[in-house]
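Visitor: Here you go, one structure.
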Ligand SMILES: *[C@@H]1O[C@H](CO)[C@@H](O)[C@H](O)[C@H]1NC(C)=O
């Protein structure tokens, strides 16, 4: 007898139910010049609305990451990878014994490179560092497919040793250091050069676990998934960023909050460079903004031990939003999407960061974001779900069409001034005194350095060496040359 899905999940043992909910389902659509693939939240409960169908909270892993299924090699092996707009590289095979939660890591298949007839080794190795964790990889080239769309001779890393990262990563950011002499073509570059998409652009629509599914569309956007016009925001040039890192930096011009009674307030004009990062579970914002959110959020108490603002989980079901402004565009993140449940405790999905502020998944669940690397713009709108109408992104300076979303906006809140100050730091009004949450399992966060110091040959690799070289000194330009690839 077939039970309705929700009911059958509830009847399964908690462990099985949890495992089931962690398997992303891939739905792939291919059209003219675009490719749409499912992106699903795995292992975690970003939204609390699903509680009645979930295993007890204590049985859950604490974090949330967004994953995509990618087929690698010949014959294809399907791997589940973290979709990360905060780093550029593709790599597979994390070391599960040194992952943050080994048992979770072990649930996902690894790439058996000895079984791929199209794999070529390069002999080049590298260490990639993230906000949390790192991986030592050896570069190989092989076929990479998402659904029916295949790119060949893609350079990517096979993990030799990694720390604190539970899944391989599909990175979609620009090169962090554009002047790096060792750049090689990333997946988005190859998709364009091999004609899968017309420009290096994709849209991303992340969802909570309760939503049917989120999606990434390479080379397209879906007007059935947002409200109003897309706001075009130029990517800030890395020369204007303290760290010099090139990321999807945009300027946040205001923040505010809407309370359950429908009143709302926003800060004065601010100018803060932030970047969206789908690999970051939490948002990390300058201290005054972090404190402004915490001190105005209903019932929030600051926990000095963990550094989080702790809230009553029931607030997640109340109307209200945490609001972000980019010029005239408001992105309202519902309380349910902004609150993160970690080891049974509910916290605001934000921590302070005065160096490289990030808009993580706790923001991205509310936003529809088109990333246009060729023209260095992001296009942003409030995410919604009112059907599907995929529009291709062409090439040239107006490649991303100036379209309006098909969805209608929720009624706007009554603005009242209750003093939302996003520029001054302050002492917390209420201190949390209960058990502190333990947030060991956040996403990898943004890419940091790349250091070509590692050496290594993949044990047992039978694939043909790309150029018969086994040089241990690093040079990605040399990798590309060794693999016989054109540099972009
Ligand atoms: C990677 O991270 C681990 C654990 O934090 C650390 O011990 C190790 O030194 C790092 N490796 C490199 C090459 O940075």
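Visitor: Please report the relative contact order for the range 233-293, taking Cα pairs under 8 Å with a sequence separation of at least 6, and give it as a percent rounded to a whole number. Please report the intermediate quantities before stating the final value.
Guide: Values: 64 pairs, mean separation 17.2, N = 61.
Computed over the range 233-293, the figure is 28 percent.
Visitor: P(r) for the range 223-444: what percent of alpha-carbon pairs falls in each 10 Å bin, starting at zero?
Guide: Calculated over all Cα pairs of the range 223-444, the distribution is 8, 33, 37, 19, 4, 0 percent.
Visitor: Which whole-number percentage describes the relative contact order of the range 223-444, with Cα contacts under 8 Å and a sequence gap of 6 or more? Display every interim value, and only then the final one.
Guide: Working: 505 pairs, mean separation 77.2, N = 222.
35 percent.
Visitor: Now a separate question. Taking 0.36 nm per residue of separation and subtracting the Cα-Cα distance, what length does fully extending residue 117 through residue 194 add?
Guide: Details: separation 77, 0.36 × 77 = 27.72 nm, distance 2.07 nm.
Answer, rounded to one decimal: 25.6 nm.
Visitor: Here is a further query. To the nearest µm²/s, what D does Stokes-Einstein give for the range 252-325 at 20 °C and 1.002 mPa s, using the Kirkwood radius over alpha carbon pairs as Rh?
Guide: Numbers: Rh = 13.5 Å.
Diffusion coefficient, whole number: 159 µm²/s.
Visitor: Output the antiparallel fraction of DSSP beta bridges having both residues in the range 223-444, as a percent to the nearest 5. Display every interim value, and only then the final one.
Guide: Numbers: 40 of 49 bridges.
Bridges in the range 223-444 are about 80 percent antiparallel.
Visitor: Still on this model: Set the Förster radius R0 to 22 Å, insert the Cβ-Cβ distance between residue 269 and residue 354 as r into 1/(1 + (r/R0)^6), and round the FRET efficiency to 0.05.
Guide: Details: r = 19 Å, r/R0 = 0.86.
Computed FRET efficiency for residue 269 and residue 354: 0.70.
Visitor: Once you place label points 7 Å from the Cα toward the Cβ at residue 424 and residue 391, how far apart are they in nm?
Guide: Output for this residue pair reads 4.4 nm.
Visitor: Relative contact order, percent, of the range 355-399 when contacts are C-alpha pairs under 8 Å separated by at least 6 residues? If you can, show how the numbers build up before the last one.
Guide: Details: 27 pairs, mean separation 12.3, N = 45.
The value is 27 percent.
Visitor: Another one. Whole angstrom only: what separates the Cα centroid of the range 381-403 from the Cα centroid of the range 259-330?
Guide: 28 Å
Each value in this text was obtained by applying a stated rule to the coordinates, not by laboratory testing. The structure presented is a predicted model; accordingly, all values stated were derived computationally and were not measured. When we count neighbours, we look across all protein chains shown, and the Cβ atoms used for this are built from the backbone with ideal geometry, even at glycine.
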